[in-house]
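The structure appears right after this line, and notes come after that.
The values are calculated or read from the model by the stated rules, or taken from the named source; none is laboratory data. Predicted, not measured: the structure shown is a model, and the values here were computed from it. Virtual Cβ from ideal backbone geometry, glycine too; neighbours counted across all protein chains shown. What goes into the accessible areas is simple: the full protein's heavy atoms, side chains included, and nothing from ligands, DNA or RNA. Shrake-Rupley method; radii C 1.70, N 1.55, O 1.52, S 1.80 Å.
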Amino acid sequence: MSRGLFVVFEGIDGCGKSTQARRVARDRDARFVFEPGDTPVGIDLRRWILDAATPMTPATEALLLLADRAHHVNSVIEPALASGHCVVADRFSASTLAYQGYGRGVDLDELRAATDLAIGDCRPDLTILIDLMPSLALEREARDESDRFEIADAGFHDRVRQGYLELAGEDVDGWFVVDGTPSVSEVAAVIDQRLAALPW
Ligand code: TYD
């Protein structure tokens with residue numbers, strides 16, 4: 001049995017990636033997963049990760065996210081891929097590099113080494129970045145302005161966006177960048193065109 005495809009959607013909060021990831025998973029009969037918090041262990045971790053009332057260092061934040069990912073990979077993603085199922089993820093390793101690395105300033109090489117420990121060889125076949133200006137994303141998303149990342153200042157979200165673009169620029173074969181400004185259906189059409197080239 002051949003291994004399933006692993007496609008990841010990334011982008012800043014409110015860029016529209018969750019809508020696109022769920023749609024692609026449904027259309028392609030793939031397993032939809034998300035981070036953080038997609039396992040019983042992850043539900044508890046997600047609560048701490050997002051709780052703005054619990055101050056923590058950027059390193060602690062990163063390690064909680066990586067613990068969530070390590071457990072997610074081992075208990076859900078890797079078994080699905082190994083048994084031939086395709087997996088579509090709403091966020092994965094690039095989120096940690098963009099948010100905790102570029103956004104919070106955690107050393108990128110150290111984050112990459114910790115990511116190796118968390119995910120081993122479980123790497124995406126394609127990462128789709130839905131790129132959107134933070135000001136537009138803020139307008140679109142109905143926020144309650146309460147979680148740890150929603151209360152971060154505009155500069156943080158700008159750094160995260162630039163970080164994503166830098167990561168995509170470093171690996172043009174592994175990433176596909178789509179402009180998230182047009183309508184949901186227009187963005188979907190661009191994504192589907194790229195996905196048609198994959199051996200689903
Ligand atoms: P998510 O549930 O995807 O929220 P949204 O749908 O609003 O994008 O992610 C929750 C928050 O966690 C989001 O603000 C991004 C942040 N996050 C990180 O900072 N690093 C990570 O590695 C991941 C997976 C998420």
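Among the residues making up segment 25-44, those that are of a type outside the set (Asp, Glu), open to solvent by 30 Å² or more (accessible area, probe 1.4 Å) and in contact with a helix residue (DSSP H, G or I) (Cβ under 6 Å, 6 or more places away or on another chain) are Arg31, Phe32, Val41. No other residue among Leu136, Leu117 is more than 14 Å from the ligand (Cβ to nearest atom), open to solvent by 10 Å² or more (accessible area, probe 1.4 Å) and under 27 Å from Asp192 (Cβ atoms) apart from Leu136. For segment 85-102, the tally of residues that are among the small types (Gly, Ala, Ser) and either near the ligand (Cβ under 7 Å from one of its atoms) or surrounded by fewer than 22 Cβ atoms within 10 Å (Cβ to Cβ) (or both) stands at 1. When Arg123 is tested against (1) within 11 Å of the ligand (Cβ to nearest atom); (2) under 24 Å from Leu45 (Cα atoms); (3) outside any helix (DSSP H, G or I); (4) touching a strand residue (DSSP E or B) at 6+ places or on another chain (Cβ under 8 Å), exactly one condition is not met: (1). Selection of helices (runs of 4 or more DSSP H) fully inside segment 1-84 by the criterion of at least 1 residues being within 12 Å of the ligand (Cβ to nearest atom) returns 17-27, 40-50, 58-72.
Here are some conditions: (1) modelled with pLDDT of 95 or more; (2) of a type outside the set (Phe, Trp, Tyr); (3) more than 11 Å from the ligand (Cβ to nearest atom). His157 meets all but one. Which one does it not meet? Only one criterion is unmet by His157, namely (3).
Taken over segment 172-191, the criterion of being free of Cβ contacts under 8 Å to residues at least 12 places away in the same chain and either over 25 Å from Arg3 (Cα atoms) or not hydrophobic (A, V, I, L, M, F, W, C) (or both) is satisfied by Asp173, Pro182, Ser183, Ser185, Glu186, Ala189.
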